[in-house]
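Here's the structure we're looking at; comments come further down.
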Amino acid sequence: MKLQHKNTLIIVTGGPGTGKSYAAKKICEEIQDLDILSYDKLKEMEWDRFGFDNKQQKDRLNRFSLEEFYLSLQKMMWEGKTILIEYPFNHRHKDALTDLVTQYHYRAITILLHGDWRTIYERGLDRDKSQDTPRHPGHLTNTYHIENTVSPRDLIPDAVLSYEEFRADIDRKIYDIRLGQTISVDVTDFSKVDFSDLFKKIQEADQA
């Protein structure tokens, strides 16, 4: 499938554990000539590069990575690429993304992943404990240096939220950023997600 408008920005957002990376991978497999940019990947690269000893240092690296993300996105837009970005983008990111979309005359399509938050939270915990597809340990701890990396079973997950904290974070951040046309996808049960229908809706939004 090829999009009609080359200057299109697909934004995959939603709370933690909603499967943004998996959804982004499926979309990139379907849509031709789509370049992906992940804020999480940039953060993980900087975590490996510098490491951090506490939450303050980690937050500083995250802010640096966000600046790097926006510079990378701006360069891709200047080059006229068709782009997919994925991260829990929320209302704090909306103005910066809107400015870039406006400046470079891009068409935005937002894919909002949502569902039953208790189910999604529990699925996220299972993912964090998985030995098959382990997450970068920087997501789970406030102390990380690549040279001291331990196995997931020995990691002390001091950055993992309780369900109450997770739920409050969902309500506070507001992932429904409404940038361009929004396509909502219920991912409570990922096995029931109709990706063919999602691809069709993306194509319709691109042609609107």
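The values are calculated or read from the model by the stated rules, or taken from the named source; none is laboratory data. Because the structure is a prediction, the values reported are computed rather than measured. Note that each Cβ is placed from the backbone with ideal geometry, even for glycine, and that neighbours are counted across all protein chains shown.
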Matching residues in the range 183-195 - criterion: being outside any loop (DSSP other than H, G, I, E, B) and touching a helix residue (DSSP H, G or I) at 6+ places or on another chain (Cβ under 9 Å): 183, 185, 186, 190, 195
So residue 19, is it within 11 Å of the chain's Cα centre (by Cα) and closer than 18 Å to residue 178 by Cα: no
Positions within the range 16-37 being small (Gly, Ala, Ser) and modelled with pLDDT of 95 or more, in sequence order: 23, 24
Only listed residue being over 25 Å from residue 166 (Cα atoms), surrounded by fewer than 17 Cβ atoms within 10 Å (Cβ to Cβ) and touching a Cys at 6+ places or on another chain (Cβ under 9 Å), chosen from 48, 35, 99: 35
Residue within the range 116-135 that is surrounded by fewer than 15 Cβ atoms within 10 Å (Cβ to Cβ), out of contact with any strand residue (DSSP E or B) (no Cβ under 8 Å at 6 or more places or on another chain), part of a loop (DSSP other than H, G, I, E, B) and hydroxyl-bearing (Ser, Thr, Tyr) present: yes
Every residue from the range 51-69 that is crowded, with 16+ Cβ neighbours inside 10 Å and among the aromatic types (Phe, Trp, Tyr): 52, 69
Any pair with Cβ under 6 angstrom, 6 or more apart, that starts in the range 75-89 at a residue that is under 21 Å from residue 30 (Cα atoms) and ends at one that is outside any helix (DSSP H, G or I) and β-branched (Val, Ile, Thr): 76/83; 82/8; 84/10; 84/36; 85/11; 86/12
Among the candidates 193, 187, residue that is crowded, with 16+ Cβ neighbours inside 10 Å, under 20 Å from the mean Cα position of the chain (by Cα) and within 30 Å of residue 61 (Cβ to Cβ): 187
First in the range 110-122 and free of Cβ contacts under 8 Å to residues at least 60 places away in the same chain, second anywhere and of a type outside the set (A, V, I, L, M, F, W, C), Cβ under 8 Å, 6 or more apart: 118/163
Where a residue in the range 26-43 is under 21 Å from residue 75 (Cα atoms) and its partner, wherever it lies, is at pLDDT 95 or above and small (Gly, Ala, Ser), with Cβ under 7 Å and at least six apart: 36/24; 37/72; 39/65; 42/65; 43/65
First in the range 161-186 and in contact (Cβ under 8 Å) with a residue 12 or more places away in the chain and small (Gly, Ala, Ser), second anywhere and surrounded by 18 or more Cβ atoms within 10 Å (Cβ to Cβ) and part of a helix (DSSP H, G or I), Cβ under 9 Å, 6 or more apart: 180/101; 180/205
